[in-house]
1. State all residues of the range 218-242 that are surrounded by fewer than 21 Cβ atoms within 10 Å (Cβ to Cβ), modelled with pLDDT under 75 and closer than 19 Å to S156 by Cα; if no residue qualifies, say none.
2. Consider G188 carefully, then state whether it is of a type outside the set (A, V, I, L, M) and near the ligand (Cβ under 10 Å from one of its atoms).
3. Going by the conditions given, is Q167 within 13 Å of the ligand (Cβ to nearest atom) and not charged (D, E, K, R)?
4. Out of all the residues in the range 72-84, is one or more assigned to a loop (DSSP other than H, G, I, E, B), closer than 24 Å to C251 by Cβ and within 21 Å of the chain's Cα centre (by Cα)?
5. Tell me yes or no: at least one residue of the range 44-57 is over 27 Å from D5 (Cβ atoms) and surrounded by 18 or more Cβ atoms within 10 Å (Cβ to Cβ).
6. Of the numbered conditions (1) within 13 Å of the ligand (Cβ to nearest atom); (2) under 19 Å from the mean Cα position of the chain (by Cα); (3) not hydroxyl-bearing (S, T, Y), A25 fails exactly one; give the number of that condition.
7. Restricting the first residue to the range 37-57 and requiring it to be closer than 8 Å to G15 by Cβ, which pairs with a second residue that is of a type in the set (S, T, N, Q) and more than 6 Å from the ligand (Cβ to nearest atom) meet a Cβ separation below 6 Å and a spacing of at least six or different chains?
8. Quick check on the range 88-125: of everything there that is of a type in the set (D, E) and in contact with a Lys or Arg (Cβ under 9 Å, 6 or more places away or on another chain), which residue is farthest from the ligand (Cβ to nearest atom)?
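The values are calculated or read from the model by the stated rules, or taken from the named source; none is laboratory data. Because the structure is predicted, anything quoted here is derived from the model rather than measured. Don't worry about glycine lacking a Cβ; one is built from the backbone with ideal geometry, like all the others, and counts go over all protein chains shown.
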Amino acid sequence: MGICDGRVVIVTGGGRGLGRAHCLAFAAEGAKVVVNDLGASLQGDATDESPGAEVVNEITAAGGEAVVNGDDVSDWDGAGRLVEQAIETFGGLDTVVCNAGIVRDRMLVNMSVDEWDAVIRVHLRGVFCPIRHAIGYWREEQKAERPRDARIVTTSSGAGLRGSIAQSNYVAAKAGIAGLSSAVALEGAAHGIRSNVVAPVAVTRIAAGMRPDDISETDLALASRGDLDVELPTAPEFVTPMVVYLASEACDFTQRIYSAASGRFARVFVAATRGWYGPLDRPASVEDIAAHLDQIDDRSEYQIPTTVFDEAGGIREWYPASRTSRD
Ligand SMILES: NC(=O)c1ccc[n+]([C@@H]2O[C@H](COP(=O)([O-])OP(=O)(O)OC[C@H]3O[C@@H](n4cnc5c(N)ncnc54)[C@H](O)[C@@H]3O)[C@@H](O)[C@H]2O)c1
């Protein structure tokens, strides 16, 4: 028995790198996998490669169940065919893992609008289109009293959460994915749809030029291990277990972001300082802001805005005020 036994899982960009590792792990955990991959170059240009078919062969040779899909996930009709293929082939759909991605790196001052659009399209439309089709299907199933235990896992990046040089298109897209996943978590809660995010690090072709110690999440992993001499693993398989967990029925939470890098798994938050409380009888003046900036910036006490859901998926609290670092 695997943690995903019988579940039907779509992995976009499943032919290479992280997506390939996810597909193989899902199959090993008992899932029926739709391996989507356009066979794109790193910059998103079409090639005649079919990496998805190779992954399907690997899965079936090991006794698992998988089919290949070669659609472009950022194309509305293509994403619709992908979701339809999962339902027709395996009788339903339980999880969508949005992983497909490209890069077109350039300093912002030289970036063309085509480079901007191409990256935003694959990452943001490439998440919106498949999950929009999937959510439509899940809502119809719920109405027909055949609810699925639906999960969405999206792929952000440390770059999207903290910025990166010569990647403004990618940074904007990856930050957008984190926000989109959060919105889906809020809207989907009442329908049993859980949506979480992974920010991975692995040496794949996207990250081929990086050394482990160039990567800040890996720095964090090192620091938290307290052993600066160890060589950290950078294979995609060191990210995948978190993705498989978030995709499974065992995952009973939503609207979270996890970093998964070099064997370290950590939750990532958006946090606010306790801040300075301005006057209530008049708006604060600009001078007030200048005078209280130290307090506004003071990180000794911070608050983590958290949504608390009730049993039915309704929202009970948006910002539980009592949760600060001093509580
Ligand atoms: N590798 C890392 O360290 C790292 C770090 C942060 C985020 N990520 C993200 O992880 C995801 C996977 O990246 P990877 O490192 O495995 O890269 P990769 O290039 O090895 O794999 C990406 C796959 O997506 C496919 N693809 C591209 N455009 C597509 C489209 N429109 N439709 C369908 N498939 C498409 C490509 O053909 C490729 O096989 C990406 O979203 C990437 O941004 C990777």
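1. Result: D219, L220.
2. No; evaluated as a whole, the condition is false for this residue.
3. Values: within 13 Å of the ligand (Cβ to nearest atom): yes; not charged (D, E, K, R): yes.
Criteria met by Q167.
4. Here is the first cut: in the range 72-84, the residues assigned to a loop (DSSP other than H, G, I, E, B) are 72-75.
Next cut, closer than 24 Å to C251 by Cβ only: 73.
This time we only want the ones that are within 21 Å of the chain's Cα centre (by Cα), so: 73.
The answer is yes; a qualifying residue exists.
5. Applying the first criterion (over 27 Å from D5 (Cβ atoms)) to the range 44-57 yields 44-50.
This time we only want the ones that are surrounded by 18 or more Cβ atoms within 10 Å (Cβ to Cβ), so: 44.
Yes.
6. Condition (1) is where A25 drops out.
7. Listed by first residue and then by second, the contacts come to G39/T47; G39/S50.
8. Restricting attention to the range 88-125, the residues satisfying the condition of being of a type in the set (D, E) are 88, 94, 105, 114-115, 117.
Those left that are additionally in contact with a Lys or Arg (Cβ under 9 Å, 6 or more places away or on another chain): 94, 114-115.
Working: D94: 20, D114: 15, E115: 15 Å.
In this case the residue turns out to be D94.
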